[in-house]
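The values are calculated or read from the model by the stated rules, or taken from the named source; none is laboratory data. The shown structure was predicted, so the numbers you read here are calculated from the model rather than taken from an experiment. Cβ sites come from the backbone with ideal geometry, for glycine too, and all protein chains shown count toward neighbours.
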Amino acid sequence: MDVKLGVDVAGMALKNPLIAASGTFGYGVEYESLMDLGLLGGIVSKGLYLEPRLGNPTPRIVETPAGLLNAIGLQGVGVRAFVADVLPRLTKHDTALLVNVCGDTVEEYAEVSRILDGAPGVTGLEINISCPNVKKGGMAFGGDPRMTFEVVDAVRKATRLPVIPKLSPNVGDITIFARACEEAGADALSCVNTLLGLVIDVESRRPRLAFGTGGLSGPAIRPVAVRMTWQAARAVRIPVLGIGGIATANDVLEFLIAGARAVQIGTANFVDPGLYERVLTDLRAYLERHGLTDINQVVGTLEYPGDAERERRG
């Protein structure tokens, strides 16, 4: 059976729903010798500010049961160096290129977006309003719906590219932030960033990370991420990209069934950069096993208890 894995997200035609997530795939070029980047539906770059950034002091990563806690601090080369030195290498590969945009101020988000708007080969912008590992920006913008609206609105006015805010899971009701992004002109949502966590060295009685707290990623967060993706997808009309602990085709399918149009794979890149080919093979096998011809046929098909009764009652 010939099955189709292509998806459309906010006008971006992706050959399949698998995207390498920001921060866990470098700028993409670091993986050139490990895999065929053309296998991917897309790549999201490391976060970029206007200027280069050193990030947080070390240690910046610690393993946890079924996950990883990091406080890298958005270390990066700056947007101008990325456009001049990295982007030409990335555009040689047949995959969509999304750039993760950061800022300490609303104005910085807009300026970085303006620079990228004219950069050849950039497919879309992921707006990082949710990083828990920086002292300015980050969660401050993603934890207040008014500030979320302001950032997304400013970026929307600065670029013609698809605008995809990355939502924080460290909020009480993610649907409020999803709707704020949609009202501000977002074209899609990335859902979700890492959960705020703390690991303690019991001998020294100090945090294991120099920054203190960090962002928890990996399989440990997947059920939370699936739930939030499901909530966000039901709350807005724009597409949602699911993120959180994905390592297998079954993980991908959980997010798609919950309502995501595509997914981002993060922490698993550190463990097995060759997983993409296996996951694509398994996705095809799933569709064939269920008599389906298109991956889009599973999107948003969750039969949740009580939904049918609520629909019947109107």
Ile129, sole failed condition from (1) of a type in the set (Val, Ile, Thr); (2) touching a strand residue (DSSP E or B) at 6+ places or on another chain (Cβ under 9 Å); (3) farther than 23 Å from Ile174 by Cα: (3)
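If only one of Leu98, Leu87 is more than 23 Å from Val152 (Cβ to Cβ) and either of a type in the set (A, V, I, L, M) or without any contact (Cβ under 8 Å) to a residue 12 or more places away in the chain (or both), which one is it?
Working: Leu98 fails: more than 23 Å from Val152 (Cβ to Cβ).
None of the other options fit; the residue is Leu87.
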Residue among Gly142, Gly118, Gly103 that is more than 20 Å from Glu32 (Cα to Cα), out of contact with any strand residue (DSSP E or B) (no Cβ under 8 Å at 6 or more places or on another chain) and buried (at least 23 other Cβ atoms within 10 Å of the Cβ): Gly103
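One residue is enough: does the range 42-63 have a residue meeting the conditions of a type in the set (A, V, I, L, M) and closer than 30 Å to Gln297 by Cα? Before the answer, list the steps.
First, pick out the residues of the range 42-63 that are of a type in the set (A, V, I, L, M): 43-44, 48, 50, 54, 61-62.
Now restrict to residues that are closer than 30 Å to Gln297 by Cα: 43-44.
Yes, that holds for at least one residue.
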Residue match in the range 144-158 (condition: more than 22 Å from Ala262 (Cα to Cα), assigned to a loop (DSSP other than H, G, I, E, B) and not polar (S, T, N, Q)): yes
Odd one out for Gly42, checked against (1) surrounded by 23 or more Cβ atoms within 10 Å (Cβ to Cβ); (2) in contact with an Asp or Glu (Cβ under 6 Å, 6 or more places away or on another chain): (2)
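Those residues that are part of a helix (DSSP H, G or I) and either modelled with pLDDT under 95 or buried (at least 16 other Cβ atoms within 10 Å of the Cβ) (or both), I need them from the range 285-314; list them, please. Break it down into steps so the answer makes sense when it comes.
So the first thing to find is which residues in the range 285-314 are part of a helix (DSSP H, G or I), and the list is 285-289, 295-298, 307-313.
Within the range 285-314, Tyr286, Leu287, Ile295, Asn296, Val298, Asp307, Ala308, Glu309, Arg310, Glu311, Arg312, Arg313 qualify.
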The range 145-186 - residue that is more than 16 Å from Arg114 (Cβ to Cβ) and among the basic types (Lys, Arg) and, of those, modelled with the lowest pLDDT: Arg146
Where Ser130 falls short, out of the listed (1) surrounded by fewer than 16 Cβ atoms within 10 Å (Cβ to Cβ); (2) of a type in the set (Ser, Thr, Tyr); (3) touching a Gly at 6+ places or on another chain (Cβ under 7 Å): (1)
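Residues to consider are Gly67, Gly55, Gly78; find the one that is of a type in the set (Gly, Ala, Ser) and within 15 Å of Thr194 (Cα to Cα). Break it down stepwise before answering.
Working: Gly55 fails: within 15 Å of Thr194 (Cα to Cα); Gly78 fails: within 15 Å of Thr194 (Cα to Cα).
Going through Gly67, Gly55, Gly78 in turn, the sole match is Gly67.
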